[in-house]
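The values are calculated or read from the model by the stated rules, or taken from the named source; none is laboratory data. The model shown is predicted, which means the values in this text are computed figures rather than measured ones. Please note: Cβ atoms are built from the backbone with ideal geometry, for glycine as well, and neighbour counts cover all protein chains shown. The protein model used for the area step is the full one, side chains on, heavy atoms only, and it has no ligands, DNA or RNA in it. Shrake-Rupley method; radii C 1.70, N 1.55, O 1.52, S 1.80 Å.
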Amino acid sequence: MADVIEVGAARGDAPPPAAKAARRAASAGRTRRATPYLFLAPYLVLFGVFGLLPIILGVWLSVHQWDFQLPNRPFVGLDNYKELFSSDSAVYGDWWESVRATAIFTVLSVPLLVVVPLGLALLLNRSFPGRTFFRAVYFAPYVLGVAVIGLLWRFLLDANLGLVNRLLGVVGLPSDTPWVTNMPWAWISLVGVTVWWTSGFNAVIYLAGLQDISPELYEAARMDGANAWQRFRSVTLPGLRPVLLFVITTTVLASANMFGQSFLITQGTPGTETRTVVWFIVEEGLRDNDAGRAAAMSIVFALMLAVVSLANFRLFRYKED
Amino acid sequence: MTTPTPTTGGSASGLRRVGLYTTLVVLALIFLVPLLWMVITSLKTYTAAQQIPPSWLPNPLAGYGYEQVINNSANPVLRWFLNSMVAATLHSLLVLVTASMAAYSLARLRFRGRGVTFALIVGTLFIPPTSLIVPNFLIVDQLNWIDTLAVIVVPGAASAFGVFFLRQFFLSLPDELEEAATLDGANQWQIFVKVVLPLSKPALATLAVLSFLTNWNDFLWPIFVLFSPEKLTLPPGLGLLQGSYVTDYPVIMAGAVLASLPVLILFVLAQRHIIQGVSRSGLKG
């Protein structure tokens, strides 16, 4: 009986009628108590093996020297972590170069991925014939995978054969920009492609948020004589705050996890300057056979991201006060 | 961007309409021309693709890229296509079955440990999946799953997002339906299959499509767990294709078109579901 009432309460509903409670209590038996767990079981098996176990295993790996080719995997304490922070270790230079690459990409791409989609969403939030069509067109690149996007843009950005330089030439701009092989062009390309690829996704999230803002607020602002910019500042932005927090947090995470674009488009060039953390971790762990060190890197990386996400939440809470 | 000044008359609003559509069309071209260029190039001959300045129409229209892609046994693109299709389909089925059952239990049944279980599942949403790739590799290695279909289908199916998404939907269903079914003598399994699932078709379809897309497009995981050329899925296969045809763009673009077609078709068919699913998961997530 108590059980049934709590279900209702947890869902925010009124407690179910007494008749129902009595009926349920009457039929409650051993099988009945097992039912919820039976429903959960298939998922929990998957979740245990591929969701929880990797976390535990990751921590365990990070304190061992785990070389795929060696039979012994001795406990090394925090050595794998220390290596990442001491400048005389072999891995130090490459590791921090990859952190730097990831940071550069994130810092360059996030503002654009927050602002450009907002512009698109504001545009698409007006009512006009064909709105659904344009919304679909702007979203379309997002459904393609990074493998297709990578190959396509490697071709489009090719210095000689690529469409980008050709079109620039047609309008009288320099037509020999080394988009994927030189700095700063490599970063411009990676950021540009990512904005093209994923803006539609963020725009859709903004659109949903915009539709939740009450039209009366705009009406009131208009009555007070607010112009378009003032309405944007005082109605749209505050109304979008939770959505903005979501967009910024998920975009930071997505950008920090960038791998495919630089792997396929710039191929890490020039040198290894555009090799990101994720790329470096998988290379270290699987190609260079040091799973322990790679696990330590993963944990340091995940902690860095946690700090950044937390800072986001903080920042937004202060703004609200 | 158009300037949203107050409407003063018919001509002004007409002008604004022109501005609006010009912006929309220019943006649409930016989003579509690269995709069109992929299709156009895939229909060119090798020489035509090297031509400067390039022609906008594939003249002569050539099946060369597709022939190379389909007939080359060193790069069995059709095989990769089939592998991707089977893997993505099985993967989304597995997500649907396991996540919907778990979500039903968490949303509509009462049991000891429910809160903790749900918190644990949602908690893992905040761990970047890429940081688990090395331990996950060791696990599938222990299972002897490297270079098999299972390695693409199963590990990613432990979808915390799927459980969370469906649970939110199931919570919104009215209690009365369940009560009526119970009066008719239905057990929990019957309620789940005959009442809850049919009412949740939109949410299930959304999750199915999103899972399919994710699996079809996955790149990082397959390149580390698949090795034999005939076992690859399309994304790592395309990388191989680029390696063998370096600058033969009609062939590479033909491969890219083949990899894009299913997801673009799926997008056109399920556009509303996908876009709604994305916005819902964004806001309520």
Take the stretch A:114-149 and flag every residue that is facing chain B (nearest Cβ under 8 Å) and either under 13 Å from residue B:35 (Cα atoms) or not in a helix (DSSP H, G or I) (or both). A:126, A:128, A:130, A:137, A:138, A:139, A:140, A:141, A:143, A:144, A:145, A:148
If I filter the stretch B:79-114 down to residues being outside any helix (DSSP H, G or I) and not small (Gly, Ala, Ser), which single residue comes out as surrounded by the fewest Cβ atoms within 10 Å (Cβ to Cβ)? B:112
Name every residue in the stretch B:42-63 that is among the hydrophobic types (A, V, I, L, M, F, W, C) and in a loop (DSSP other than H, G, I, E, B), in order of residue number. B:43, B:52, B:56, B:57, B:61, B:62
If you take the residues in the stretch A:255-295 that are part of a loop (DSSP other than H, G, I, E, B) and surrounded by 20 or more Cβ atoms within 10 Å (Cβ to Cβ), which one is farthest from the other protein chains (Cβ to nearest Cβ)? A:274
Take the stretch A:225-254 and flag every residue that is at the interface with chain B (Cβ under 9 Å from one of its Cβ atoms) and β-branched (Val, Ile, Thr). A:243, A:247, A:250
If I ask for residues that are touching a helix residue (DSSP H, G or I) at 6+ places or on another chain (Cβ under 8 Å) and open to solvent by 50 Å² or more (accessible area, probe 1.4 Å), which ones from the stretch B:230-245 would you list? B:230, B:231, B:240
I'm told residue B:160 meets every condition in (1) touching a residue at least 60 places away in the same chain (Cβ under 8 Å); (2) of a type in the set (Gly, Ala, Ser); (3) within 8 Å of chain A (Cβ to nearest Cβ) except one. Can you identify the failing condition by its number? (1)
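Which members of the stretch B:130-146 meet the condition of being open to solvent by 30 Å² or more (accessible area, probe 1.4 Å) and touching a residue at least 12 places away in the same chain (Cβ under 8 Å)? Spell out the reasoning first.
Kept after step one, since they are open to solvent by 30 Å² or more (accessible area, probe 1.4 Å), are these residues of the stretch B:130-146: B:141-146.
B:145, B:146 - these are the residues of the stretch B:130-146 that are open to solvent by 30 Å² or more (accessible area, probe 1.4 Å) and touching a residue at least 12 places away in the same chain (Cβ under 8 Å).
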Single residue of A:191, A:204, A:195 found to be closer than 23 Å to residue A:249 by Cβ, more than 11 Å from chain B (Cβ to nearest Cβ), in a helix (DSSP H, G or I) and open to solvent by less than 40 Å² (accessible area, probe 1.4 Å): A:191
Scanning the stretch B:180-198 for residues that are crowded, with 17+ Cβ neighbours inside 10 Å and more than 35 Å from the chain's Cα centre (by Cα), the one nearest to the other protein chains (Cβ to nearest Cβ) turns out to be B:182
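Tally up the residues in the stretch A:56-94 that are of a type in the set (Val, Ile, Thr) and open to solvent by 40 Å² or more (accessible area, probe 1.4 Å), please.
Within the stretch A:56-94, the first condition is being of a type in the set (Val, Ile, Thr), and the residues that meet it are A:56, A:59, A:63, A:76, A:91.
Applying the additional criterion that residues be open to solvent by 40 Å² or more (accessible area, probe 1.4 Å) yields A:56, A:59.
Of the residues in that region, 2 qualify.
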